[in-house]
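Right, one structure below, let's go through it.
Where a number appears in this text, it was derived from the coordinates with a stated rule and is not lab data. Note that the coordinates shown come from a computational prediction; the quantities given were computed from them, not determined experimentally. Every residue, glycine as well, gets a Cβ built from its backbone with ideal geometry; the counts of neighbours run over all protein chains shown.
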Ligand SMILES: [Zn+2]
Ligand SMILES: [Zn+2]
């Protein structure tokens, strides 16, 4: 049977779902050429090339400017080469039906800025706040969509971090299922909540503030930490100080604060680690969260510079070897 793809398959023993999206082989690439190329004329994310992308879903644009025209500050489009899509339907093979399902979902691209080659630290705090505001609203829209069980927002900067296009962009994927790792973390949080009567992250933040050694920065709304058991060197997480299970409930003041702190950490990583590729990952419990998950789950924004490849040991065991203690990373990033 010919597939309309993409397709989800589950490994029977590992319990892990894999998305098969052969269309993604056809993606255009320019990020491999150089970390900072001059804008290629063909860049589909540059102003003037709006006609080369699918029609926009949302945008922050100058008053009176037309959709899919120039004069935008942030622009959202469906991914032209999606990992999941609303109309995924047919199956490729007649395997055990419990191990296979259509990869129905949402895959959107948020183009962070019209300026090619500029990343968050190069943009003003208000411009990054605008990106986060658009992301918040698109994540909220995905969470409201029927059939979506988990929404993942992420950003890949640099070829080694998985970016195919160098023009700064953020992605949002709405999945029809809750990935195993996310489900396990939510269950563990809920168990600890029942035992202690409090959100485990709120408790951890108090301890870390008192302990200080992994604490990097904070303001009224957020704290930045090097996680106690960081899997990767210089991994950091930005946590809201008020308990919240959901990024999409962030206020305008919180988004500005998040923009200021994220820019500041990215600038420090750039200075300390010679402009590394990195991933930014939203971590939050699956939505819609029930009343218990809303109390025990606490969202964060994780920043992971890509300094080494995942190697044989990590692939074999799912365990990570990290040569940099989070206390050392925090000391370096506090400077
Ligand atoms: Zn561009
Ligand atoms: Zn909490």
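Brief remarks follow.
- Extent along principal axes [Cα atoms of segment 213-262; Å; largest to smallest]: 31, 19, 15
- Rounded FRET efficiency, nearest 0.05, which uses the C-beta distance separating residue 228 from residue 96 and R0 of 35 Å: 0.30
- Cα-based equivalent ellipsoid, segment 154-225: semi-axes from gyration tensor eigenvalues, Å: 30, 22, 10
- With both labels modelled 7 Å from their Cα along Cα-to-Cβ, the residue 42 to residue 271 distance reads 3.9 nm.
- Computed label-point distance, nm, for sites residue 314 and residue 220 using a 7 Å Cα→Cβ extension: 3.9
- Put in order of Cβ neighbour count within 10 Å, fewest first, the listed residues 269, 307, 256 become 307, 256, 269.
- Extension gain, residue 87 to residue 249: 0.36 nm times the residue separation minus the Cα-Cα distance gives 55.5 nm.
- Rounded if a/c under 1.5, otherwise prolate or oblate - segment 181-331, Cα gyration tensor axes: oblate
- On full extension, the segment bounded by residue 80 and residue 60 gains 5.2 nm, given 0.36 nm per residue less the C-alpha separation.
- Segment residue 185-residue 211, extension gain: residue separation times 0.36 nm, minus the distance between their alpha carbons: 6.9 nm
- Global dimensions of segment 259-327 from alpha-carbon coordinates: Rg and Dmax equal 15.8, 44 Å.
- Calculated [θ] (222 nm, deg cm²/dmol) that DSSP helices of n ≥ 4 give over the chain, each run adding -39,500 (n - 2.57): -8500 deg cm²/dmol
- Solvent-free Debye scattering, log10 I(q)/I(0), computed from the Cα coordinates of segment 32-187 at q = 0.16, 0.18, 0.19 Å⁻¹: -0.96, -1.15, -1.24
- Orientation-averaged projected area, Cα convex hull of segment 225-307 (nm²): 5.9
- Shown here are the Rg and Dmax of the Cα trace of the chain, at 20.1, 60 Å.
- Whole-number percent relative contact order across the chain, with pairs defined as alpha carbons under 8 Å at least 6 apart: 17
- Residue order, fewest to most surrounding Cβ atoms within 10 angstrom, among 107, 309: 309, 107
- Modelled this way, with points 7 Å down the Cα-to-C-beta line, the labels at residue 24 and residue 327 are 3.9 nm from one another.
- Sorted by Cβ neighbour density within 10 Å, fewest at the top, the residues 148, 57: 57, 148
- Cα gyration tensor shape for segment 72-140, rounded if a/c is under 1.5, else prolate or oblate: prolate
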